[in-house]
1. Which of the residues that make up the stretch 427-444 are in contact with a helix residue (DSSP H, G or I) (Cβ under 6 Å, 6 or more places away or on another chain), without any contact (Cβ under 8 Å) to a residue 60 or more places away in the chain and not in a helix (DSSP H, G or I)?
2. In this structure, is residue 109 part of a helix (DSSP H, G or I), small (Gly, Ala, Ser) and open to solvent by 10 Å² or more (accessible area, probe 1.4 Å)?
3. Inside the stretch 173-205, can you point out the residues that are closer than 30 Å to residue 363 by Cβ and either in contact with a Cys (Cβ under 6 Å, 6 or more places away or on another chain) or open to solvent by 20 Å² or more (accessible area, probe 1.4 Å) (or both)?
4. Name the residue that is modelled with the lowest pLDDT, counting only residues in the stretch 395-412 that are more than 45 Å from the chain's Cα centre (by Cα) and surrounded by 14 or more Cβ atoms within 10 Å (Cβ to Cβ).
5. Look through 2, 19 and report the one residue that is among the small types (Gly, Ala, Ser), open to solvent by 30 Å² or more (accessible area, probe 1.4 Å) and either assigned to a loop (DSSP other than H, G, I, E, B) or at pLDDT 95 or above (or both).
6. Please determine, by comparing only the residues of the stretch 153-165 that are part of a loop (DSSP other than H, G, I, E, B) and touching a residue at least 40 places away in the same chain (Cβ under 8 Å), which one is most open to solvent (accessible area, probe 1.4 Å).
7. For the stretch 86-105, enumerate the residues that are open to solvent by less than 30 Å² (accessible area, probe 1.4 Å) and more than 20 Å from residue 28 (Cα to Cα).
Amino acid sequence: MAEDSSNSSSNQMWGGRFAAGPAAIMEEINASIGFDKKLYAQDIEGSIAHATMLAANGIISETDRDQIITGLKQIRQEIESGAFEFSRKLEDIHMNVESRLATLIGAAAGRLHTARSRNDQVALDFRLWVKAELKKTEAMLTALIGAFLDKAEKHADTVMPGFTHLQTAQPVTFGHHCMAYVEMFGRDRSRVRDAIERLDESPIGAAALAGTPYPIDRHMTAAALGFREPTRNSIDTVSDRDFALEFLSIAAICAVHLSRFAEEIVIWTTPQFGFVRLSDAFSTGSSIMPQKKNPDAAELVRAKTGRINGSLIALLTVMKGLPLAYSKDMQEDKEQVFDAAENLELAIAAMTGMVADMTVNVDNMKKAAGSGYSTATDLADWLVRELGLPFREAHHVTGRVVALAEKNACDLSALPLDQLQAIHPGITDKVYDVVTVEASVASRKSYGGTAPDRVREQIAAWRNRL
């Protein structure tokens, strides 16, 4: 979108400042209507609020206001019906709407732009759009969290291996694992709410960069457009794209969270793991290998992260060297945000569907939970708790027990008591109460731990929070 200057003599609204029309290449690089037409509803909403305020403060007549509002509503209908013809020569959504308004109502259309600039106009349109998108994202994240809560509740007792370095570490429950993602997406949801709070200021009335001499009421337009208050510095207002950067930052962090679970789905659906199964609704086959069932939806969610991250880096780079106030570089902000928003919506929707759709193989998870001597830490803790060993000594004793189990090719719970006592005479048969995966999970009762009762507590707390 352009500042209030133009090289286009073909656009008569700009008067006679330039002697010749732009070359085709200038028109191509200058026009933004190809993507900023997405802001038509916000542009018209802002113009209606602005015209209403101008009339209320005696800056334009009520007759002009009524004509302007009637014309703007007709333009909105034309756009939504597909009858409106967008022109590249008119550069952007603002001038396309204003030109059509002039055709419809005549001279009164020229009064609409009193006490405003395209600089504060685009800032308004874009803020309104981002605010609406953030609210949509919040609702979608709430639905995703709900899907994880449902899965966690169903599998609060389902034992699975917990991993570090993608190596079996300690047994956990699948419910607890799902709740980890509830926390992640809960933080994303919190960031969305914070971002809405920060951007909830109306830019309209800042004009080009210095404000306006007209007796406007910025608090009136802010309230009419659903903002908490107007912005406080006109230079910052037209220069600011923090709200767009923050949206992209939130989108990128959320996409990373989506990608992490997508990666786990990809791993877990392999025959080597077999932890979960996706239905045909979220899988595809191979064109040559009839046995294949590929988790394509998860893979595509994983891939979207690169695209969304790229949008954030692109806009950060655009903004990094701009002096105050407005520069035409800022026209490059919208495509990045529009693309990231579209892909984030799709990724969240796909993940919500996959979480609800997946079937958990409880037996495979339980079998894997005991692999890799995952209860070794429970044995070490028992030696500390029951025999009073320093943890480092208990760690050493446990290491010898694990080596013995490896030699015998058995689980820790299958080692005979006499062999355990040969390593440390203080070991009793009570040790068998702690070295099963069920006992290990049940014992982790610390706040935030994996014990099923603790998992259910967190599920209930999150349902109340939502």
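1. Within the stretch 427-444, 427, 434 meet the criteria.
2. So residue 109 fails the test.
3. From the stretch 173-205, those closer than 30 Å to residue 363 by Cβ are 173-185; that's our starting set.
Passing the criteria: 176, 177, 180, 183, 184.
4. So, considering only residues that are more than 45 Å from the chain's Cα centre (by Cα) and surrounded by 14 or more Cβ atoms within 10 Å (Cβ to Cβ), the one modelled with the lowest pLDDT is 405.
5. One residue alone meets the criteria, 19.
6. So, considering only residues that are part of a loop (DSSP other than H, G, I, E, B) and touching a residue at least 40 places away in the same chain (Cβ under 8 Å), the one most open to solvent (accessible area, probe 1.4 Å) is 157.
7. 98, 101
Matching residues to (1) open to solvent by 60 Å² or more (accessible area, probe 1.4 Å); (2) more than 19 Å from residue 351 (Cβ to Cβ); (3) touching a Gly at 6+ places or on another chain (Cβ under 8 Å); (4) part of a helix (DSSP H, G or I):
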{"residue": "232", "(1), (2), (3), (4)": "yes, yes, no, no"}
{"residue": "255", "(1), (2), (3), (4)": "no, no, no, yes"}
{"residue": "262", "(1), (2), (3), (4)": "no, no, no, yes"}
{"residue": "267", "(1), (2), (3), (4)": "no, no, no, yes"}
{"residue": "307", "(1), (2), (3), (4)": "yes, no, no, yes"}
{"residue": "316", "(1), (2), (3), (4)": "yes, yes, no, yes"}
{"residue": "322", "(1), (2), (3), (4)": "no, yes, no, no"}
{"residue": "329", "(1), (2), (3), (4)": "yes, yes, no, yes"}
{"residue": "334", "(1), (2), (3), (4)": "no, yes, no, yes"}
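The values are calculated or read from the model by the stated rules, or taken from the named source; none is laboratory data. Note that the structure is a prediction, hence the values are computed from the model and not measured. Cβ coordinates were reconstructed from backbone atoms using ideal geometry, including for glycine residues, and neighbour counts include every protein chain displayed. Side chains are part of the model used for accessible areas, which takes the heavy atoms of the whole protein and leaves out ligands, DNA and RNA. Shrake-Rupley method; radii C 1.70, N 1.55, O 1.52, S 1.80 Å.
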